[in-house]
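A short worksheet on the structure shown next.
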Amino acid sequence: MANTERTLTNAELARKEAFEQARVELEAQGYRMHPLVISVVSANVGALATALPLDVVLGAGFFLLHPFGSVSFQLVDLLFAFLAFVVLTVVHELVHGLTWSLFAKSGWKSVSFGVIWKYLTPYCTCNEALSRRAYIVGALMPTLVLGILPVLAAYATGSLFLLVVGLLMILGGGGDLTIVLKMLRFKPDGGEVLYLDHPYECGLVAFTR
């Protein structure tokens, strides 16, 4: 049978080693490991399933407040919106890292970035185990700041440009929403739970005791 497992990059191998060290330390303290990972394809499908309905509702709400005839929008605005989306996709990962660094004991040193080139998917991981609240806040912060806030600003100003940017960023955060939903469906078998990013797969690992 052919080996379909992708080759890990040097950065991923380093994170794998750090993860294994953290796993050994946590298991020595009585924690048990529960992987909560999904494939990149599942993350993208989940992103559409979770974020697209939200986009439809928010888009419909905008046009109820600002009917088509009252909104000015040029083709060049659409081009700038997509350019903004490309730039903000990078900012999205930086917001993940900044937020998680505020909760991590080692701060920014616990955060790392990379790209899964096969899927053109940038990512940010935290190499330190976090509480449920800290992990969820860090996971959702980019969608709130770069997606929900621009949409709210579009509602207030009638800017179709802000609406398109916000809706695209919400769609871009759909993978994060999918992972958070997977976390929320997880029923811990212990009173204490810590969450640690998987070093090279989409998702994370829960440690319970």
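The values are calculated or read from the model by the stated rules, or taken from the named source; none is laboratory data. Keep in mind it's a predicted model, so treat the numbers as computed, not measured. All Cβ positions, even for glycine, are placed from backbone atoms using ideal geometry, and neighbour counts span all protein chains on display. Note: accessible area is taken over every heavy atom of the protein model, side chains too, but ligands, DNA and RNA are not part of it. Shrake-Rupley method; radii C 1.70, N 1.55, O 1.52, S 1.80 Å.
Taken over the stretch 32-51, the criterion of being open to solvent by 20 Å² or more (accessible area, probe 1.4 Å) and not in a helix (DSSP H, G or I) is satisfied by Arg32, Met33, His34, Pro35, Val37, Ile38, Ser39.
The set of residues in the stretch 90-106 being assigned to a helix (DSSP H, G or I), under 21 Å from His198 (Cβ atoms) and open to solvent by less than 80 Å² (accessible area, probe 1.4 Å) consists of His92, Glu93, Val95, His96, Gly97, Thr99, Trp100, Ser101, Phe103. Ala28 fulfils the conditions (1) open to solvent by less than 50 Å² (accessible area, probe 1.4 Å); (2) more than 23 Å from the chain's Cα centre (by Cα); (3) free of Cβ contacts under 8 Å to residues at least 24 places away in the same chain except for a single criterion, (1). Within the stretch 56-74, the residues that satisfy the criterion of being out of contact with any Gly (no Cβ under 9 Å at 6 or more places or on another chain), open to solvent by less than 70 Å² (accessible area, probe 1.4 Å) and in a helix (DSSP H, G or I) are Gly59, Ala60, Gly61, Phe63.
Taking helices (runs of 4 or more DSSP H) that do not extend beyond the stretch 114-196, which have at least 2 residues that are over 30 Å from Gln29 (Cα atoms) and of a type in the set (A, V, I, L, M)? Per the criteria, 149-157, 160-172.
When residues in the stretch 149-206 are screened for being within 21 Å of the chain's Cα centre (by Cα), of a type in the set (A, V, I, L, M) and open to solvent by 50 Å² or more (accessible area, probe 1.4 Å), 6 of them pass. Beta carbons closer than 9 Å, at least 6 apart along the sequence or on distinct chains, pair a first residue in the stretch 36-56 that is more than 27 Å from Phe207 (Cα to Cα) with a second that is among the hydroxyl-bearing types (Ser, Thr, Tyr) and assigned to a helix (DSSP H, G or I) for Ala49/Thr178; Ala51/Thr143; Ala51/Thr178.
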